[in-house]
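No lab work stands behind these numbers, since they all come straight from the coordinates. Because the structure is predicted, anything quoted here is derived from the model rather than measured. All Cβ positions, even for glycine, are placed from backbone atoms using ideal geometry, and neighbour counts span all protein chains on display.
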Amino acid sequence: MMAFRGFGGFATSGLIAAAILWSFATADVELSRLMSAGPRIADFLGRMFPPDPTVMAEIKKGSAETLRIAILGSLGAVVLSVPFGILASETMVSSAVFRSIRTLLAFIRAIPLILVAMLMVGAVGLGPLPGIIAVAFHATGMLAKFYAEAIDGVSRAPIAALESAGAGPLVRLRYAIWPQMAPVVARDTIFRFELNLRESLILGIVGAGGIGFYIQTYVRSFQYDKAASVTIAVFVMVIAIEAINVALRRRFA
Amino acid sequence: MSTAIQIDDLSFAHTGADVPALERVSLNIPTGESVALLGPSGAGKTTLLALLDGRLFGWCGQISILGAPLDPDHPPMCARRPDTGFVFQEFALVERSAVLRNVLNGRLGRMSPLRALMGSPTKHDLEIARTALADCGIADLANRRVDSLSGGQRQRVAIARCLAQEPRLVLADEPVSNLDPARAGEILALLTGAAQARGATALFASHQPDLARRFAQRIIGIRCGRIAFDVPTSELNEDATAELYREVEPIPGIGLRAVS
Ligand SMILES: Nc1ncnc2c1ncn2[C@@H]1O[C@H](COP(=O)(O)OP(=O)(O)O)[C@@H](O)[C@H]1O
Ligand SMILES: [Mg+2]
């Protein structure tokens, strides 16, 4: 047993070492470039200063679009997550149904948002629409799972009581399950909205709308001072989201 | 006289349990009777009542409720269920909902599914719910949330919900086990009185012989899943009751091994 574990440990260390060596050997990173990366980054940051404050209009426009994408994307995710959450819950459907829906949701969660956004830009063109669709799709993977867990987490006795009184499955959902799960659903939905807002900040980089679009445009056209202003704006938004989130959490606790 | 509950040779084991919870139970309860199911904890009272309510499956034997047979493998049709009312041992109320909402939940099976889903009870439904609240002495609590109530108040809400259902058969699982003796008597009087006033049959589980004696016309003793006795209340004798509550004899050897 010990010998096996010793061998296993040795094999694991060997694999990790091999992976690192392979990456170095094939990444095309010359030592000289690596050495000069530090000064170059410093230079780059230097050229970002002072941030150019004349891009306020673009920042406002981009932030508003990001907010719209997050709101409409979240709305889409909620609309999709209600049926998928029901179909993924043990309480509401047979095991064949909830198992396959849960697998599907796990696949959806495994696809990164930025990848979905790129595909959607290809499918429906540039602008906020692909961003909204991508956020709705991506967020459903998590939100439907949360909703299903909220349904399954409620106490069973009141459901049995309504069943005994002759209420059908949807009526039981509405009067025995929903009142119990409502606070959990509110909390999870706000949590997911916060993630959506955070994640949609960068969607513009692949052309799916929002403030990320300006960062990409300014970096590509070497207007680093303007890119800096937009980056600061993103930073401020992330902090604001976090602050609102903390406040909401206090309110719900 | 018609029969409310007819049970022939009923046996049942919970999934995963190695001993049956009920063994070869047969009994017959005519319409309008108030019957107590007396037995120690673990005797099988909850199991028997849940079976009669159509919530447990995979039993053997025959059960007929209010003249219609129960299917051993499927729940009864929704349309039949409101006729059997159940008062749950742990109340089974929706804690975050108001008292009136919980009592109206008892009406859900009496409404059309659409009306139930839309949440628009008729005047009649509301009137029945309010009457049930008043009968249980909790009219003033109608708008309170259940999670702000005491145990005794919850017990009354649970009974009000059952009465609002207008059942022809009331199954009550230890409806007074959480109450002090004075309250317990009051609640059982309420439950059996309401059943009798409506011409309904009542079967309630209890582990308190004196309460069973006061409020039932007939007492069925149950022990280790078997019927130990089934007598009119006047014929209940102390020996039979004492026998019912005698400790289950340990299987020889097991106790010794546990100590060593
Ligand atoms: N869900 C269950 N799974 C397995 N065994 C159970 C379950 N519910 C009850 N039992 C067993 O069935 C027997 C009867 O229990 P119950 O009907 O609850 O008795 P009572 O209501 O008289 O106290 C007990 O031995 C109990 O342990
Ligand atoms: Mg019990």
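In table form, for the structure just shown:
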| read-out | value |
| --- | --- |
| Which numbered condition B:Ser34 fails, given (1) under 18 Å from B:Ala202 (Cβ atoms); (2) of a type in the set (Ser, Thr, Tyr); (3) surrounded by 19 or more Cβ atoms within 10 Å (Cβ to Cβ); (4) within 16 Å of ligand 2 (Cβ to nearest atom) | (4) |
| Subset of the stretch B:31-57 [more than 12 Å from ligand 1 (Cβ to nearest atom) and without any contact (Cβ under 8 Å) to a residue 60 or more places away in the chain] | B:Gly54, B:Phe57 |
| Cβ pairs under 7 Å, 6+ apart, first in the stretch B:167-194 and within 27 Å of B:Arg81 (Cα to Cα) and touching a residue at least 24 places away in the same chain (Cβ under 8 Å), second within 16 Å of ligand 1 (Cβ to nearest atom) and of a type in the set (Asp, Glu) | B:Leu171/B:Asp53 |
| Count of residues meeting criterion [buried (at least 22 other Cβ atoms within 10 Å of the Cβ) and within 15 Å of ligand 2 (Cβ to nearest atom)] in the stretch B:196-210 | 4 |
| Per-region count, the stretch B:165-183, residues within 16 Å of ligand 2 (Cβ to nearest atom) and touching a Leu at 6+ places or on another chain (Cβ under 8 Å) | 5 |
| B:Ala158 vs. criteria more than 10 Å from every other protein chain (Cβ to nearest Cβ) and part of a helix (DSSP H, G or I) | no |
| Members of the stretch B:189-244 that are of a type in the set (S, T, N, Q) and assigned to a helix (DSSP H, G or I) | B:Thr192, B:Gln196, B:Thr233, B:Ser234, B:Thr241 |
| Candidate set from the stretch B:94-107 (those that are facing chain A (nearest Cβ under 7 Å) and within 20 Å of the chain's Cα centre (by Cα)); member that is nearest to B:Asp83 (Cα to Cα) | B:Gly106 |
| The stretch B:108-141: number of residues that are within 12 Å of chain A (Cβ to nearest Cβ) and in contact with a helix residue (DSSP H, G or I) (Cβ under 7 Å, 6 or more places away or on another chain) | 8 |
| Residues of the stretch B:37-57 classified as surrounded by fewer than 23 Cβ atoms within 10 Å (Cβ to Cβ) and farther than 28 Å from A:Gly166 by Cβ, total | 3 |
| Out of B:Pro69, B:Pro75, sole residue that is free of Cβ contacts under 8 Å to residues at least 24 places away in the same chain and either closer than 30 Å to A:Trp178 by Cβ or within 16 Å of ligand 2 (Cβ to nearest atom) (or both) | B:Pro75 |
| Search result, residues across the stretch A:147-193 that are among the basic types (Lys, Arg) and either within 8 Å of chain B (Cβ to nearest Cβ) or surrounded by 18 or more Cβ atoms within 10 Å (Cβ to Cβ) (or both) | A:Arg172, A:Arg174, A:Arg192 |
